[in-house]
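Engineer: First the structure, then my questions, so here it is.
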Amino acid sequence: MSAMRARAWALHVLLLASAAGCSDPAPARSCAIPQMPICPDPAPSYATDVSPIFQTYCVRCHGPGGVEFNKPLTTWAEANSRYGAVLQQVFYFCAMPPATEPQLTDPAQRAALLGWLMCMAPNN
């Protein structure tokens, strides 16, 4: 199995495992995975769809001077290298953003981020 196909398969399995919702016990947090194909066509754009999401919800902590600066999400390369962790933390564990930070509740933004992750985080 090629590395790309193995990566896609691992994400697919993770998505299926988390499709029932999230393990977050806080009922006020909604982090259920949007209903969508594995990789939408066209894939959401990092530059226009995903980067603004990271800038709004992630970079405060995952950028220079943030509490998670060692796990930066300020560029495509950084986000791409952590896309599996982002998928887990946002959609599976519902741990990000932390409950004390603004939440990613907009369905269109959630779908764009998930679609981009499921398309293996292209630099588009």
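The values are calculated or read from the model by the stated rules, or taken from the named source; none is laboratory data. Predicted model only: the values in this text are computed from it and were never measured. With ideal geometry, Cβ positions are generated from the backbone for all residues, glycine too; neighbour counts draw on all protein chains shown.
Engineer: I'd like the residue in region 64-80 that is under 12 Å from the mean Cα position of the chain (by Cα) and in a helix (DSSP H, G or I) and, out of all such residues, is surrounded by the most Cβ atoms within 10 Å (Cβ to Cβ).
Structural biologist: 79
Engineer: Now for a different question. Tell me whether region 43-55 contains one or more residues that are at pLDDT 65 or above, among the β-branched types (Val, Ile, Thr) and surrounded by 14 or more Cβ atoms within 10 Å (Cβ to Cβ).
Structural biologist: Checked against the condition, which is being at pLDDT 65 or above, among the β-branched types (Val, Ile, Thr) and surrounded by 14 or more Cβ atoms within 10 Å (Cβ to Cβ), region 43-55 yields at least one hit.
Engineer: Could you list all residues from region 82-97 that are in contact (Cβ under 8 Å) with a residue 24 or more places away in the chain and assigned to a loop (DSSP other than H, G, I, E, B)?
Structural biologist: Once the filter is applied, which keeps residues that are in contact (Cβ under 8 Å) with a residue 24 or more places away in the chain and assigned to a loop (DSSP other than H, G, I, E, B), region 82-97 yields 93, 94, 95, 96, 97.
Engineer: Another question, if that's okay. Across region 37-54, what is the total count of residues that are part of a helix (DSSP H, G or I) and without any contact (Cβ under 8 Å) to a residue 12 or more places away in the chain?
Structural biologist: Residues flagged as part of a helix (DSSP H, G or I) and without any contact (Cβ under 8 Å) to a residue 12 or more places away in the chain within region 37-54 amount to 2.
Engineer: Something else about it: Among (1) at pLDDT 95 or above; (2) buried (at least 18 other Cβ atoms within 10 Å of the Cβ); (3) not β-branched (Val, Ile, Thr), there is one condition residue 115 misses while meeting the rest; what is its number?
Structural biologist: Tallying (1) at pLDDT 95 or above; (2) buried (at least 18 other Cβ atoms within 10 Å of the Cβ); (3) not β-branched (Val, Ile, Thr), residue 115 fails exactly one: (1).
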